[in-house]
Amino acid sequence: MSILQLHKVSKLFGPHAESCVELLEQGWTKERIAKEKNVTVGVNRVSLDIEAGEIFVIMGLSGSGKSTLVRMLNRLIEPTSGEILVHGKDLMKMNKEQLRTVRRQTISMVFQKFALFPHRTVLENVEYGLEIQKADKRQRREKAKQSLELVGLAGWESKRPDELSGGMQQRVGLARALANDPEILLMDEAFSALDPLIRRDMQDELLDLQEKMKKTIVFITHDLDEALRIGDRIALMKDGAVVQVGTPEEILTQPANAYVERFVEDVDLSKVLTASHVMRRPETIMADRGPRVALELMRERGISNLFVVDRAKRLLGVITAEDASAAMRGGQSLEDILIVDGPRVHPDVVMNELFEITSLSKVPLAVVDDENRLLGVIVRGALLGALAGQNHPKEVIPDAETTAG
Amino acid sequence: MPKLPLDEWIETIVGWMEDHLKFLFDMISGAIEGIVNAFTWVFMLPHPFLFIVILGILAFLVGRWSLALFSVIGFLLIYDLGYWSQTMDSLSLVITAALISVVVGIPIGIWCAYSKGAARIITPLLDFMQTMPAFVYLIPAVTFFSIGVVPGVIASVIFAIPPTIRLTMLGIQQVSGELTEAADAFGSTSGQKLFKVQLPLAMPTLMAGVNQTIMLSLSMVVIASMIGAQGIGAEVYRAVTQLQIGKGFEAGLVIVILAIVLDRFTQQLFKKSDRKRGR
């Protein structure tokens, strides 16, 4: 079961907002409801299943309802209608006491402008969540210190938030959210207030932390690059409704509609597509075959080199046609002419980095998994082809918003 | 057009309250008199010189040597001019009025910050209390509490309480929405949010209100003397009615010294609490 389930969650602002939910069901548009009923639709019947341990990015432009949506996940904003299930329990049916327990133990939040308490030290900020649960003082100090250590701020405990840089302040924000060891972390544009380089660092660090912690993270952003970088799955929002949910690759390569397509067309694909997208099926040969077989294979396929693998498909090295014909004449085996130090990359390496590696190497790039099993091969031509071929057909869309910002 | 009998109505209401709520007024009266007397007793306990030394040390602790120097010289002058006991009477009245204003005003201010309805009713009431000439309060105060120091304190509280209420409300409302949101998001109860986040952050604004309240209650000492509150105000009043310019100046100067010392003391105290908060 998903850890967090949303079923037709809506938020409408204005007089008699409840009665307008029905109108949405009947197919009234947001504009019509605003005009005739004077009610603003903030979030429009969003249904999502968020799985434990994933980074789920909700992305959209300003005014798309993403911040309202995330605030409904811990009821900082009361939904007008719909169900929100945390571990299958309906958040909407909880009384104040139960809701407080969920906020204290299950769901924490990181804010866009950090929202650190200026009258408390860094340590006191981090221990706030535990302090209000009346945790033992020494214990909560200990936990807060561990949490600070986790985000790399050991030694800054007694500083005031305003003595820290923006990036460090948000680390405190993150440490504060992690201190009570929640299962779900809500991050509302958590890195948007930081400058680009720091933002990049924080993204990397979040991914590193996530490796260790395996929290469920709901991450709000308006930055597509950020969404593609850190999201396991992405929900794209427009006008309060979810337009598409999918992995970054799905969003990029199979946009659900013209809006998504236009949204992602400006993305620098070389930073998003990975080796696994552009690799081809590799031509291989077992190590116990002779040079003659190898040459014959290459001639047949019209290629000039072959990957040599063992029976478990583990990559041993690569041979070239030149070496193979020399070996045939000199009576050597394949192992004698094996080039073992050819470049190997992990399937997650982005294309950007592949360019450099391929340009420096004479033999094609091998894509291998953690056990050194050969998954594919990357040739220079395919790399360029992927970039060119992935360009989306440009369409003229009358809507005005173009850039994420 | 017939005259609206507003005056009669007010008199009827006041008369009814006098008849039926006498026990309540007596209770309040007793309590206030007790507090004022206690303060006076404490202030008069040490010899003036010892009092001045203690004051100087306190001034040095909260402020700097300049505040200490001013306090010592100022109070020596008061002693020298022969207004010591009157000054202590007035100081007791002012501190009692300020204390009551703070104890009553801060909760009302918090209530107004939380409830729009309360703010809508109380804000115009505060306007009314501040703009109505202070003399007018003296009449019902005397009716309910007879003459002496108690109606003086009551009139002072009515006149001086608005800044505390207003600035408490303002201070809490000024706390950024993101911070209260953060407090909520971590599962604070309303009490925890109030005492751990809102009040500490509202403190500088709130204290500016308290400072104003103290100053306003000091400004009431002359008016309070008209209904028999003893103290330095009575000296000013007597000098005015008897056209004694010299005496009037002396007594007025004492009030000024008292005002400056009280103002600087409270301001330094707030600054100090601010510095502790790393501002």
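Bear in mind these aren't lab numbers, they're just calculated from the coordinates by the rules spelled out. Just so we're clear, the structure is a prediction, and the values are computed from it rather than from any experiment. Note: ideal-geometry Cβ built from the backbone for every residue, glycine included; neighbour counts use all protein chains shown.
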What size of dipole, in debye to the nearest 20, comes out for region A:276-388 about its Cα centre when the only charges are +1 on Lys and Arg C-beta atoms and -1 on Asp and Glu C-beta atoms? 380 debye
Note down the magnitude of the dipole of region B:10-143 about its Cα centre, charges +1 on Lys and Arg C-beta and -1 on Asp and Glu C-beta and zero elsewhere, to the nearest 20 debye. 560 debye
Too long at a 26 Å Cα-Cα cut-off: which of A:Lys66/A:Lys137; A:Lys35/B:Lys116; A:Lys134/B:Lys271; A:Lys30/A:Lys66? A:Lys66/A:Lys137; A:Lys35/B:Lys116; A:Lys134/B:Lys271
Assigning unit charges at the beta carbon (Lys, Arg +1; Asp, Glu -1) and nothing else, what dipole magnitude in debye, to the nearest 20, does chain A show about its Cα centre? 1000 debye
Full extension between B:Ile54 and B:Leu76 adds, at 0.36 nm per residue less the Cα distance, a length in nm of 6.7 nm
What are the trypsin sites (Lys or Arg not before Pro) within region A:277-384 that DSSP puts in a loop, where the Cβ has at most 13 other Cβ atoms within 10 Å? A:Arg311, A:Lys362
Loop-located GluC sites (Glu not before Pro) in region A:303-372, at most 11 other Cβ atoms within 10 Å (DSSP): A:Glu371
Counting Lys +1, Arg +1, Asp -1, Glu -1, what net charge surrounds A:Met72 among other residues with beta carbon under 10 Å of its beta carbon? +2
So, in nm, how far is label A:Gln105 from label A:Lys134 when the simple model puts each one 7 Å beyond its Cα toward the Cβ? 1.5 nm
Here FRET efficiency (C-beta to C-beta, B:Trp111 to B:Leu269, R₀ 25 Å, nearest 0.05) is 0.50
Looking at A:Leu374, A:Leu306, A:Ile337, which one has the Cα that reaches farthest to the positive end of the dipole of region A:276-388 (charges on Cβ: Lys, Arg +1; Asp, Glu -1)? A:Leu306
Would you list the membrane-span-like helices of chain B, meaning whole DSSP H runs whose alpha-carbon atoms span at least 20 Å along their axis and whose mean Kyte-Doolittle value is at least -0.5? B:6-20, B:22-44, B:48-62, B:65-81, B:84-114, B:116-131, B:149-174, B:199-219, B:245-276
Rounding to the nearest 10 and keeping the result within 0 to 90°, find how far the Cα-based axis of helix A:96-105 lies from the longest principal axis of chain A. 30 degrees
For B:187-199, what's the mean count of beta carbons from other chains sitting within 10 Å of each residue's beta carbon? 4
Just checking the output field for A:101-109: average partner chain Cβ neighbours within 10 Å of each residue's Cβ? 3
Which peptide among B:52-65, A:160-173 comes first, and what is the full order, when sorted by highest mean count of other Cβ atoms within 10 Å? A:160-173, B:52-65
Would you tell me the mean number of C-beta atoms belonging to other protein chains that fall within 10 Å of each C-beta in A:128-140, as a whole number? 2
Volume per residue that the Cα convex hull of chain A spans, once the total is divided by residue count, Å³: 186 Å³
Per DSSP, loop trypsin sites (Lys or Arg not before Pro) in region A:183-271 with at most 14 further Cβ within 10 Å: A:Lys214
Calculate, in nm to one decimal, what B:Arg120 and B:Gln242 gain on full extension: separation in residues at 0.36 nm each, minus their alpha carbon distance. 39.3 nm
Angle, helix A:351-360 long axis vs. longest principal axis of chain A, Cα atoms, 0 to 90°, nearest 10? 20 degrees
